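The values are calculated or read from the model by the stated rules, or taken from the named source; none is laboratory data. On a predicted model such as this, the values are computed, not experimentally measured, just so you know. No Cβ is skipped: glycine too gets one built from the backbone with ideal geometry, and neighbour counts run over all protein chains shown. Side chains are part of the model used for accessible areas, which takes the heavy atoms of the whole protein and leaves out ligands, DNA and RNA. Shrake-Rupley method; radii C 1.70, N 1.55, O 1.52, S 1.80 Å.
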Amino acid sequence: MGKVLYPAILLAAVAVLVLPLFRSPDHRSQTGPGTDRDLAEEYGLPGKAVLIEFGTIGCELSEEGLTAMIRLQAEKRIPDLSYMRVELVADQGESDEYYSKKTPGFPVRHDPEMKMAGAFDATIVPSFVLVDRFGNVRYRGGQPLEEHLMTWVDALNAEKTDPGSDVPLFGARELDIPGLLATTELPVFGGNTRKRLEEYMGRNGLLVTFVDTLCPLAAQIIGELPDHVSILAEQGIAVVLVNVNNSEEAVRDYFGDSELSTPILYDVSSGTHSKWDIFGVPKFFLISSDRRLIYGGVTLWQEMAKAAEQGLGLAAGSLELPHAGTEYG
């Protein structure tokens, strides 16, 4: 998983995927101004394509991303691209000293309260955001390949009019939900069997919840899960937990004393979170019984419930879930 940041907390793991984050439909209204253009103006973006790295001192992948941007800037590899680094955690004095030695040649903003990171949905370290000259976010995810950046900036330069804030993100791909359900076959915790995700499908749908053993936000969702399982089951929605990218020993130690009635599958490799385009955990994937993705994104219980009622044809208010969940992950 990535370093998941929220006020005053910095985890010890780092992001490893070059994949876009999922966004809830009205997430921007919860965390920042109303439009991407507003964000660009508020945070002083240069009015041309800019690549922003949200990182922090002490994170190896943040360091690699900063080094790459400094090189691209110095070599003028992509002449029409500007750069910005946003430091999320370091003490202001430590930050000033660090970046004075790095001499990046582009602006560095200090964002310890995560205001800019939250506004741009960049709460995993490191996260990269590409903004076009109109102020629209065009990519969000891990460190992009140089050749991809060149192609994307060329495409941005060819745009003569503002495409709007709903333009598809670069690097995004549509998930093959039926294929993923059929081919994601993993060990079942507490037994000697392996099962495919499709075997857990409920009458109306399946809520796949991706977690790991390190993230306290994942722990929060795991802790809230028992209060929701029976409510979801009444509406024909089954629930399965999928733990990703931890060793079998870590999974055994973490879930060994658990009284969860929810099935737990686990993958000790990065294969599952790569196939499912998971940039961080926790994440929800609500899938209908006919294999449509109803909700994919942050673990906000009410947003998922609202999508379930609309997408599965349930009665309004039939999923009254007691917890809020978290918008980070």
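Yes/no matrix, rows are residues, columns are (1) farther than 29 Å from Glu309 by Cα; (2) part of a loop (DSSP other than H, G, I, E, B):
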| site | (1), (2) |
| --- | --- |
| Ala233 | no, no |
| Ala250 | yes, no |
| Ser269 | yes, yes |
| Phe285 | no, no |
Evaluation of Ser127 against (1) hydroxyl-bearing (Ser, Thr, Tyr); (2) surrounded by fewer than 17 Cβ atoms within 10 Å (Cβ to Cβ); (3) closer than 12 Å to Leu51 by Cβ (one fails), failing number:
(2)
With respect to Gly93, is the statement that it is farther than 20 Å from Phe170 by Cβ, of a type outside the set (Phe, Trp, Tyr) and open to solvent by less than 10 Å² (accessible area, probe 1.4 Å) true?
no
If we scan the stretch 63-83, do we find a residue that is surrounded by 22 or more Cβ atoms within 10 Å (Cβ to Cβ) and either among the polar types (S, T, N, Q) or free of Cβ contacts under 8 Å to residues at least 24 places away in the same chain (or both)?
no
Cβ contacts < 8 Å: first residue over 14 Å from Ser269 (Cβ atoms), restricted to the stretch 240-253; second residue in a helix (DSSP H, G or I), any location; separation 6+ or different chain. Result?
Val240/Leu197; Val240/Tyr200; Leu241/Ile222
Can you work out which of the residues in the stretch 206-227 that are within 25 Å of Ile124 (Cβ to Cβ) and over 18 Å from the mean Cα position of the chain (by Cα) is most open to solvent (accessible area, probe 1.4 Å)?
Gly223
Mind telling me which of the residues Ala122, Ala117, Ala172 ends up being out of contact with any Lys or Arg (no Cβ under 6 Å at 6 or more places or on another chain), in a loop (DSSP other than H, G, I, E, B) and open to solvent by less than 10 Å² (accessible area, probe 1.4 Å)?
Ala122
Out of Thr209, Thr213, I need the residue that is within 25 Å of Phe279 (Cα to Cα), in a strand (DSSP E or B) and either hydroxyl-bearing (Ser, Thr, Tyr) or modelled with pLDDT under 95 (or both). Which one?
Thr209
When (1) open to solvent by 30 Å² or more (accessible area, probe 1.4 Å); (2) in contact (Cβ under 8 Å) with a residue 40 or more places away in the chain are applied to His273, the one that fails is (1)
So for the stretch 294-301 (the condition being open to solvent by 30 Å² or more (accessible area, probe 1.4 Å) and free of Cβ contacts under 8 Å to residues at least 12 places away in the same chain), does at least one residue qualify?
no
Any residue in the stretch 146-175 that's under 25 Å from Met69 (Cβ atoms) and without any contact (Cβ under 8 Å) to a residue 24 or more places away in the chain: show its pairings with residues that are assigned to a loop (DSSP other than H, G, I, E, B) and open to solvent by 70 Å² or more (accessible area, probe 1.4 Å) at Cβ separation under 7 Å, as long as the two are six or more apart or on different chains.
none
